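J.: Please see the structure below; I have some questions.
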Amino acid sequence: METRLIKKDLLAGLIKGLAQDTLVYAPVQDEDNVLFKVLEKGMEPLTEYDNTKNAPKNFFFPQQETLMRYLKKERGSELLGVPGVTAEAVLFGVRPCDARSFVLLDNIFDDPQYRDPYYVDRREKTTIISIACTRPPYTACFCTSVGGHPLSSEGVDVSLIDLGDNWLAEFVTEKGEKLMKKLGDLPKGDEQWASKKEALAEKAAGAITTKIPGKDIKPWLDENFDHPFWDTIHASCLACGTCTYLCPTCHCFDITDEIKKSDGRRVRSWDSCMYWLFTHETSGHNPRTSQKQRWRQRFMHKFKYFVDNFDAIACVGCGRCVMYCPVNIDIRKIAQDISKL
Amino acid sequence: MENIEKQLREAAGKLLSEKKVDALVGYEKGTLPYQTAPCVITEPGEADKLVWNSFCSVNLAKYVHDIIFQHRESQKRVKPEDRKKKVVGIVARGCTTRSIILHLQEKQYERDEVVIIGVPCAGYVSNKKLNLAAKGKEIVECSFDGDTLAAVTQAGSMSIPLKEVLSDSCLSCRYNNPIISDMMIGNPAPPMNPGSEYVNVDEFENLSDEDRWKYFSKEMAKCIRCYACRNTCPSCYCKVCFVEQSQPKWVGVSIDESDTQVFQIMRIFHQVGRCVDCGSCIEVCPMGVDLRKFLKKLDKDGVNLFEHRAGESLDSPPPLSAHSTYDKEEFIFEP
């Protein structure tokens, strides 16, 4: 693996340079929030930030996406084609937890049988640059409990690690090495890096003090769909979509036809299992009538069904749902409470 | 504050043990140092987990409405003669009681279905302002020390005057003591500064049409359509919101600029004379959309045109639900 050193104050400029001719999606300050946004020409990305409020999954799986356009005619409709292929892009400043979300989402959208062309196209053309968490940003972080690591390069093409005066760039994949050539001449990284990384990784992982039971609670979940415990978590839930819309791994969507006069669009938009409409059937019947059932679904999907299907927990431990739930329903506590049952 | 908490727990425990209420809505300690969580308790033993402090933010009246309506739904399977009322207790500050008054005026439930434990309120901490004061850093420890907030972030510790981080709704609150209650706890809270209520609105009104629209568009562009604002709002209790109706479909589901704006404009317009300025919609918004400016503008119009403030008294119905021959009409004929 190739490694290079990038001077601390040069990084933002390098990425700004990339944005001259490439689509770059990066963390920027947007009033009170740090958000992933398209880096407009001349803008510099943040390199020192905790984590973004919106998850970078938005780039591959946007909140709304036109799948095709059509012309509504007096009888039937005429297909106007599907949106063109996307351009090469760089996704800069992804935290390792969020980068793992791409690996998890690939299970869904890049399934050999049901390949989602929109997601896969962007995924293939995008080079992902992560900024490792040498100092995990939040006490709500719990990546190490769900299969992640603050210095992990899983799902990453280029991993940047803070060494004080310099960023150490690890070019993990071929895509990453291709990008390295675009960055110009950079000094090589330390030969002894591998051994030093170990100590850094251990320190970073040690700083994550929140522990939740991950796969350990799976046997309980397998057996206890009807357990009274499920009555105890939803009472204060507002049934809003904050947790699911900020979550890097939530991926449920709805497909609707949006028609203005005769211009039709088939649109895929995010949906949330927290909404009653999510399971509302055309007949008027709703198999999930209460927030209890919706909460159980959300938790089970992450900690049981996804594990059944793909042998991984559909949670990367970023802490967004913990910090931004308006009524402080804490998924860490739910997992911990279940482990005590 | 501890004294209020003690009395609150006693009162709540008593209501539950004497079966005066079937459930009680209050706040409990949260898992984050700067948050409390709304909770619904049904056993007297649970009363000890109730808390009352400046982190108690969201208006709990919505829960009362939801609990009663869920109960009525379940009663549909019970023979009419065997149907029972469900009585819900609530820990209520001034704005919460305004919402209850609005519910009662709009015939959502009867007065005997809710038992109000009134608490005086010195305002709650706005998460958005707290985040700004902490310069975006996560607060890992936080405690009250009189009129200041002692906070520890990863960048170090700081002392924040409480006034700087109280919600805007609280700073200009006119009703920080409960308007109606079945029992009161603590001494009445000192007044806030209602004189400054419309300062932001006045400034906004003086902007040009273009600038006002620009500001509105900018704020609405932040919205992710999570509906936290609508779902926490005690005045937003439609069984099916127009956003979710599909026959006819009023608004698209996407975050296209126009869809988001239509959702927000229509929600805001449904609040004429009904918004109690509890600030919950602003407090729960994960993206920090400034909804208050627009809601306050309607509130100001309600005061100027109809001399009405939402939920200020049981005898003063929302202006759009009542008719008077003296109602102003200039805004219709000479807009």
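The values are calculated or read from the model by the stated rules, or taken from the named source; none is laboratory data. In this text, all values refer to a predicted model and were calculated from it rather than measured experimentally. Cβ placement follows ideal geometry from the backbone for every residue including glycine, while neighbour counts extend to all protein chains displayed. Surface accessibility is based on the protein's heavy atoms, side chains included, excluding ligands, DNA and RNA. Shrake-Rupley method; radii C 1.70, N 1.55, O 1.52, S 1.80 Å.
J.: Given the conditions (1) within 18 Å of the chain's Cα centre (by Cα); (2) in a loop (DSSP other than H, G, I, E, B); (3) more than 29 Å from B:A151 (Cβ to Cβ), report the number of the one that B:V58 does not fulfil.
T.: Failing condition for B:V58: (3).
J.: Please work out which one of (1) farther than 27 Å from A:F60 by Cα; (2) at the interface with chain B (Cβ under 9 Å from one of its Cβ atoms) is the condition A:N286 fails and give its number.
T.: Unmet for A:N286, out of (1) farther than 27 Å from A:F60 by Cα; (2) at the interface with chain B (Cβ under 9 Å from one of its Cβ atoms): (2).
J.: What's the number of the condition B:A151 fails, among (1) among the small types (G, A, S); (2) open to solvent by 40 Å² or more (accessible area, probe 1.4 Å); (3) farther than 22 Å from B:I90 by Cα?
T.: (2)
J.: Working only within the stretch A:135-152, note down all residues that are under 25 Å from A:L5 (Cα atoms) and modelled with pLDDT under 95.
T.: Residues satisfying the conditions are A:R135, A:P136, A:P137.
J.: Answer with yes or no whether B:N53 is in a loop (DSSP other than H, G, I, E, B) and buried (at least 22 other Cβ atoms within 10 Å of the Cβ). Show your work before the answer.
T.: Working: in a loop (DSSP other than H, G, I, E, B): yes; buried (at least 22 other Cβ atoms within 10 Å of the Cβ): no.
Here the answer is no, as B:N53 does not meet what is asked.
J.: Looking at the stretch A:245-275, which of its residues are facing chain B (nearest Cβ under 8 Å) and touching a residue at least 12 places away in the same chain (Cβ under 8 Å)? Even if it seems obvious, please write down each step before you answer.
T.: Taking the stretch A:245-275 and keeping what is facing chain B (nearest Cβ under 8 Å), we get A:245-246, A:254, A:256, A:258, A:267, A:269, A:272, A:275.
The answer is A:Y245, A:L246, A:D254, A:T256, A:V267, A:S269, A:S272, A:Y275.
J.: Here is a further query. Find the residue count for the stretch A:256-276, including only residues that are more than 26 Å from A:V307 (Cα to Cα) and open to solvent by 20 Å² or more (accessible area, probe 1.4 Å).
T.: Applying the first criterion (more than 26 Å from A:V307 (Cα to Cα)) to the stretch A:256-276 yields A:256-267.
Filter again for open to solvent by 20 Å² or more (accessible area, probe 1.4 Å), leaving A:256-263, A:265-266.
Result for the stretch A:256-276: 10.
J.: Filter the stretch B:249-264 for residues that are touching a Cys at 6+ places or on another chain (Cβ under 9 Å) and within 12 Å of chain A (Cβ to nearest Cβ); which is farthest from A:E65 (Cα to Cα)?
T.: Pass one, the stretch B:249-264, residues touching a Cys at 6+ places or on another chain (Cβ under 9 Å): B:255, B:260-261, B:263-264.
Those still in the list that are within 12 Å of chain A (Cβ to nearest Cβ) too: B:255, B:260.
Details: B:I255: 10, B:T260: 15 Å.
Result: B:T260.
J.: From the list A:A194, A:A205, which residue is open to solvent by 70 Å² or more (accessible area, probe 1.4 Å), aliphatic (A, V, I, L, M) and in a helix (DSSP H, G or I)?
T.: Numbers: A:A205 fails: open to solvent by 70 Å² or more (accessible area, probe 1.4 Å).
Matching residue, one of A:A194, A:A205: A:A194.
J.: Could I ask something else about it? If you scan the stretch A:32-68, which residues turn out to be among the charged types (D, E, K, R), more than 9 Å from every other protein chain (Cβ to nearest Cβ) and assigned to a loop (DSSP other than H, G, I, E, B)?
T.: Passing the criteria: A:E40, A:K41, A:E44, A:E48.
J.: Next question. Report, by residue number, each residue of the stretch B:272-288 that is more than 10 Å from chain A (Cβ to nearest Cβ) and surrounded by fewer than 21 Cβ atoms within 10 Å (Cβ to Cβ).
T.: Correct list: B:V272 only.
J.: Any idea how many residues of the stretch B:176-185 are at pLDDT below 95 and open to solvent by 30 Å² or more (accessible area, probe 1.4 Å)?
T.: Adding up the residues that qualify gives 0.
J.: Right, here's the next one. Of the residues that make up the stretch B:133-155, is at least one assigned to a loop (DSSP other than H, G, I, E, B), free of Cβ contacts under 8 Å to residues at least 40 places away in the same chain, more than 22 Å from A:T139 (Cα to Cα) and within 24 Å of the chain's Cα centre (by Cα)? Working first, answer last.
T.: Start the filter on the stretch B:133-155 by keeping residues that are assigned to a loop (DSSP other than H, G, I, E, B), which leaves B:134-138, B:146-147, B:154-155.
Restricting the remaining residues to those that are free of Cβ contacts under 8 Å to residues at least 40 places away in the same chain gives B:134-138, B:146-147, B:154-155.
Checking the rest, the ones that are also more than 22 Å from A:T139 (Cα to Cα) come to B:146-147.
With within 24 Å of the chain's Cα centre (by Cα) added as a condition, the list becomes B:147.
Yes.
J.: Is it the case that the stretch A:136-151 has a residue that's part of a helix (DSSP H, G or I), over 30 Å from A:V322 (Cβ atoms) and open to solvent by 20 Å² or more (accessible area, probe 1.4 Å)? Can you show your working first?
T.: Step one: of the stretch A:136-151, the residues part of a helix (DSSP H, G or I) are A:143-145.
Applying the additional criterion that residues be over 30 Å from A:V322 (Cβ atoms) yields none.
The answer is no; no qualifying residue exists.
J.: Return the total of residues in the stretch A:303-329 being within 14 Å of chain B (Cβ to nearest Cβ) and either within 13 Å of the chain's Cα centre (by Cα) or more than 17 Å from A:C97 (Cβ to Cβ) (or both).
T.: Of the residues in the stretch A:303-329, the ones within 14 Å of chain B (Cβ to nearest Cβ) are A:318-329.
From what's left, either within 13 Å of the chain's Cα centre (by Cα) or more than 17 Å from A:C97 (Cβ to Cβ) (or both): A:318-321, A:325-329.
Total meeting the criteria: 9.
J.: So which pairs qualify, if the first residue must be in the stretch A:54-81 and under 12 Å from A:R268 (Cβ atoms), the second must be assigned to a loop (DSSP other than H, G, I, E, B) and open to solvent by 80 Å² or more (accessible area, probe 1.4 Å), the Cβ gap must be under 6 Å, and the two must be at least 6 apart or on different chains?
T.: Within 6 Å, the pairs are A:M68/A:V82.
J.: Given the conditions (1) touching a Lys or Arg at 6+ places or on another chain (Cβ under 9 Å); (2) surrounded by 15 or more Cβ atoms within 10 Å (Cβ to Cβ), and given that A:G42 satisfies all but one, which numbered condition is not satisfied?
T.: Evaluating A:G42 over (1) touching a Lys or Arg at 6+ places or on another chain (Cβ under 9 Å); (2) surrounded by 15 or more Cβ atoms within 10 Å (Cβ to Cβ) leaves (2) as the failure.
J.: Any residue that is touching a His at 6+ places or on another chain (Cβ under 9 Å) and more than 14 Å from every other protein chain (Cβ to nearest Cβ) - is there at least one of those in the stretch A:224-235?
T.: Narrowing the stretch A:224-235 to residues touching a His at 6+ places or on another chain (Cβ under 9 Å): none.
Checking the stretch A:224-235: not a single residue is touching a His at 6+ places or on another chain (Cβ under 9 Å) and more than 14 Å from every other protein chain (Cβ to nearest Cβ).
J.: Let me ask you something else. If I ask for residues that are touching a helix residue (DSSP H, G or I) at 6+ places or on another chain (Cβ under 6 Å), away from chain A (no Cβ under 14 Å) and crowded, with 16+ Cβ neighbours inside 10 Å, which ones from the stretch B:122-147 would you list?
T.: B:G123
J.: Can you name the condition, by its number, that A:P56 falls short on among (1) over 21 Å from A:A12 (Cβ atoms); (2) under 17 Å from the mean Cα position of the chain (by Cα)?
T.: (1)
J.: Another question, then. Taking the options B:A61, B:A47, name whichever one is small (G, A, S), surrounded by fewer than 23 Cβ atoms within 10 Å (Cβ to Cβ) and either assigned by TED's automatic domain parsing to the domain that holds B:D182 or touching a residue at least 40 places away in the same chain (Cβ under 8 Å) (or both). First the steps, then the outcome.
T.: On the way: B:A61 fails: surrounded by fewer than 23 Cβ atoms within 10 Å (Cβ to Cβ).
The conditions single out B:A47.
J.: Being open to solvent by 50 Å² or more (accessible area, probe 1.4 Å) and in a loop (DSSP other than H, G, I, E, B) is the filter; apply it to the stretch A:1-31 and report the residue that is farthest from the other protein chains (Cβ to nearest Cβ).
T.: Among those residues, the one meeting the criterion is A:M1.
Conditions (1) open to solvent by less than 40 Å² (accessible area, probe 1.4 Å); (2) in a helix (DSSP H, G or I); (3) of a type in the set (A, V, I, L, M), marked per residue:
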{"position": "A:P287", "(1), (2), (3)": "no, no, no"}
{"position": "A:R298", "(1), (2), (3)": "yes, yes, no"}
{"position": "A:I313", "(1), (2), (3)": "yes, no, yes"}
{"position": "A:P326", "(1), (2), (3)": "yes, no, no"}
{"position": "A:I329", "(1), (2), (3)": "yes, no, yes"}
{"position": "A:I338", "(1), (2), (3)": "yes, yes, yes"}
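J.: Say whether the condition of being open to solvent by less than 50 Å² (accessible area, probe 1.4 Å), farther than 24 Å from A:T139 by Cα and acidic (D, E) is met by at least one residue in the stretch A:58-65.
T.: Applying the first criterion (open to solvent by less than 50 Å² (accessible area, probe 1.4 Å)) to the stretch A:58-65 yields A:58-65.
Keeping just the survivors that are farther than 24 Å from A:T139 by Cα gives A:58-65.
From what is left, the residues that are acidic (D, E) are A:65.
Yes, because at least one residue in the stretch A:58-65 is open to solvent by less than 50 Å² (accessible area, probe 1.4 Å), farther than 24 Å from A:T139 by Cα and acidic (D, E).
J.: Taking the stretch A:105-131, which residues are over 17 Å from the mean Cα position of the chain (by Cα) and assigned to a strand (DSSP E or B)?
T.: A:R115
J.: With the requirement that a residue be charged (D, E, K, R), more than 17 Å from A:N54 (Cα to Cα) and either at the interface with chain A (Cβ under 9 Å from one of its Cβ atoms) or not in a loop (DSSP other than H, G, I, E, B) (or both), what does the stretch B:217-248 give you?
T.: Matches in the stretch B:217-248: B:K218, B:R230, B:E244.
Here is a yes/no grid of residues against (1) in contact with a strand residue (DSSP E or B) (Cβ under 8 Å, 6 or more places away or on another chain); (2) touching a residue at least 24 places away in the same chain (Cβ under 8 Å):
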| residue | (1), (2) |
| --- | --- |
| B:E5 | yes, yes |
| B:A12 | yes, yes |
| B:S17 | no, yes |
| B:K20 | yes, yes |
| B:Q35 | no, yes |
| B:C39 | yes, no |
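J.: If you check B:V25 against the conditions, is it of a type outside the set (K, R), facing chain A (nearest Cβ under 10 Å), open to solvent by less than 10 Å² (accessible area, probe 1.4 Å) and assigned to a loop (DSSP other than H, G, I, E, B)? Break it down into steps so the answer makes sense when it comes.
T.: Details: of a type outside the set (K, R): yes; facing chain A (nearest Cβ under 10 Å): yes; open to solvent by less than 10 Å² (accessible area, probe 1.4 Å): yes; assigned to a loop (DSSP other than H, G, I, E, B): no.
So B:V25 does not fit the description; no.
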